Every structure is written in C-alpha cells, then in structure tokens.
Amino acid sequence: MSDRPPNFQDDFIKIGLSDPFIRAIVGMVAIALAASFVVSTLGGGLKAALGVGLSLMFGVVLVVLRVLLTNVNSVFVKWLCFIASAIIVFAFLALAVLLVPAVTICWPQVYHDDLGLPACSMASPQQAQRPFAPVPYEGRGISMDPANNKFWIRVNYRPPRQADAEHIVGALRQAGYRSDAIATELNEVLTDDRSVGTSLVKTTSAARPIVDEVNRILTLAIPLSSGRIKIFPDDVREFANGDIQVDLF
C-alpha cells in the first residue's frame, strides 16, 4: 500500500480528461483563444482580452453545468443544464465560424465592425476597381431646378453600397444639385446605428431647408433601402466637403 498522499489536482485532471464533454469544452476554449489572438492582431487588443476572459468564463460555466448534469438527480435541473449548455456551445461555434468571413469579406458587417477589424483585404480592393458611374434617375418625381446648383452634396459610401451611391448621385444631379461620391469605411462617423443598409443624412445650417427634399430624392433613388434613411438631428457648422453629406453604411 502506498503512503503517497492523494493528489486531488491530478485526480481532477484525470477525471476531466476522461470526460468527452469536458474535452470538447477545452477544445472550444482553445478555438476561442485562437480567435482572440486573431482579433488582437487585426483589431483591438481590449476586445481580444475580453474575448479571452469570456471564453475562459464560459468554459468554467460549461464544466459546472456538466458536473450538475451528471451528479444531480432532478430531471428539471438536468434539462436546464442541458439547454444552457446547448445555448453556450451554439454561441461559441457561431462566433468562431463567423470570424472567418468577418476577416476575409467583411460579413456580417456588424460583427466585423464590433471586432474593430480593418477594411477587408479581399472585398474592398476588388470593389474599388470598378469605376464610379452615376446612374440617372428614370422614374417620375425628380425635375431639374437650376437653383439647386448652389448646394453641394457629398455621398460617402462603403464599397458594398457603391450601386446605391451611384443611383443617389445620379438622382441628385438630375435635380440640379452638385453631387459627387467617395468610397470610405466611415470609421470616423459617430452614430448610434452603423448597421449595414443605414443611410445617414447630415447637414449644415445653411442647407437645412432642403433636407426634406434631399430625403425625398434619396427615397426615390434607393427605394429598397428607403426605410433605413435617417436625418441627423443636429446641424454641423460646416463640412470640408459639401453642404450636405450622405453616409451609406
């Protein structure tokens, strides 16, 4: 008989390694740590640290749920632990799988932005190769007014929304406004809604009287996205480019 005192830490590790569920938890935590390393390299270090902390915390929670699942006789507790574990595992896998398209093609855009990742190396350059070509508006409701020529409207658009920008500039020019566009990631724009499809209209005090008319033209130019057009409530003293700026997220 051995006189060696029991080593609870070694016993716990052996039990954990023999449990396939706990081995899966360790694997998911390892994937989350790898994803956090990618975020720290390409994006923000603080968000990567939060990712590491959350992955470890969720790993501990899953282990606790596993212990309860195997050692508690209550059917209700077992089902509760099973459902909670399934939700956590699904969230882990979804975030890990979506990291690949978020890094490579900026999709989903919201997830890409939340991670603080830079412009995509694949999608943006390819889209930027196509020259910007305004598309004239061919429907009813827009007529030329030479008086509009005193206003300059700049459209700032993310590369995936180049087509919308081309229709907007074409419609604004048809109404007599001076209008042009530039592709940008809009990282400098402060707004509470940066989701894909949002169109933000910002104006100077001098151009505030025409905001409703500009909004009407935008609605005609991009009807499929018209429900996501928002007018910034406060006037800007002046823009470096334009009397009104339209930001297409």
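Go through segment 202-245 and give me each residue that's assigned to a strand (DSSP E or B), more than 22 Å from Arg140 (Cβ to Cβ) and out of contact with any Asp or Glu (no Cβ under 8 Å at 6 or more places or on another chain).
Within segment 202-245, the subset assigned to a strand (DSSP E or B) is 202-204, 229-231, 236, 244-245.
Okay, now just the ones that are also more than 22 Å from Arg140 (Cβ to Cβ), so 202-204, 230-231, 236, 244-245.
Result: Ile231, Val236, Ile244, Gln245.
Against the condition open to solvent by less than 20 Å² (accessible area, probe 1.4 Å) and in contact with a strand residue (DSSP E or B) (Cβ under 9 Å, 6 or more places away or on another chain), how does Val236 come out, does it pass?
Values: open to solvent by less than 20 Å² (accessible area, probe 1.4 Å): no; in contact with a strand residue (DSSP E or B) (Cβ under 9 Å, 6 or more places away or on another chain): yes.
No, not satisfied.
Step by step: first the residues of segment 211-220, then only those that are without any contact (Cβ under 8 Å) to a residue 60 or more places away in the chain and open to solvent by 40 Å² or more (accessible area, probe 1.4 Å), then the one that is farthest from Lys230 (Cα to Cα). Which residue is that?
Step one: of segment 211-220, the residues without any contact (Cβ under 8 Å) to a residue 60 or more places away in the chain are 211-213, 215, 218-219.
Narrowing the set further to residues that are open to solvent by 40 Å² or more (accessible area, probe 1.4 Å) leaves 212-213, 215, 219.
Values: Asp212: 11, Glu213: 13, Asn215: 9, Thr219: 11 Å.
Per the stated criteria, the residue is Glu213.
Please verify whether Val169 is at pLDDT below 80, assigned to a helix (DSSP H, G or I) and either β-branched (Val, Ile, Thr) or within 26 Å of Val214 (Cβ to Cβ) (or both), treating the condition exactly as stated.
Details: at pLDDT below 80: no; assigned to a helix (DSSP H, G or I): yes; either β-branched (Val, Ile, Thr) or within 26 Å of Val214 (Cβ to Cβ) (or both): yes.
Against the criterion (at pLDDT below 80, assigned to a helix (DSSP H, G or I) and either β-branched (Val, Ile, Thr) or within 26 Å of Val214 (Cβ to Cβ) (or both)), Val169 does not qualify.
Could we say that Gly227 is open to solvent by 30 Å² or more (accessible area, probe 1.4 Å) and among the small types (Gly, Ala, Ser) here?
Here the answer is yes, as Gly227 does meet what is asked.
Keeping to segment 192-210, report how many residues are open to solvent by 60 Å² or more (accessible area, probe 1.4 Å) and closer than 18 Å to Pro223 by Cα.
1
What are the pairs with Cβ atoms under 9 angstrom where one residue, in segment 165-192, is under 14 Å from Asn148 (Cα atoms) and the other, located anywhere, is among the polar types (S, T, N, Q) and exposed (fewer than 15 other Cβ atoms within 10 Å of the Cβ)? Sequence gap at least six, or different chains.
From segment 165-192, the pairs are Gln174/Ser143; Ala175/Ser143; Gly176/Ser143; Gly176/Asn149; Tyr177/Asn149; Arg178/Asn149.
Which of the residues spanning segment 175-199 are modelled with pLDDT of 95 or more and not small (Gly, Ala, Ser)?
Tyr177, Arg178, Asp180
The values are calculated or read from the model by the stated rules, or taken from the named source; none is laboratory data. Just so we're clear, the structure is a prediction, and the values are computed from it rather than from any experiment. Cβ atoms come from the backbone with ideal geometry, glycine included; neighbour counts cover every protein chain shown. Ligands, DNA and RNA are stripped out before the accessible areas are found, and what is left, the full protein with its side chains, is counted by its heavy atoms. Shrake-Rupley method; radii C 1.70, N 1.55, O 1.52, S 1.80 Å.
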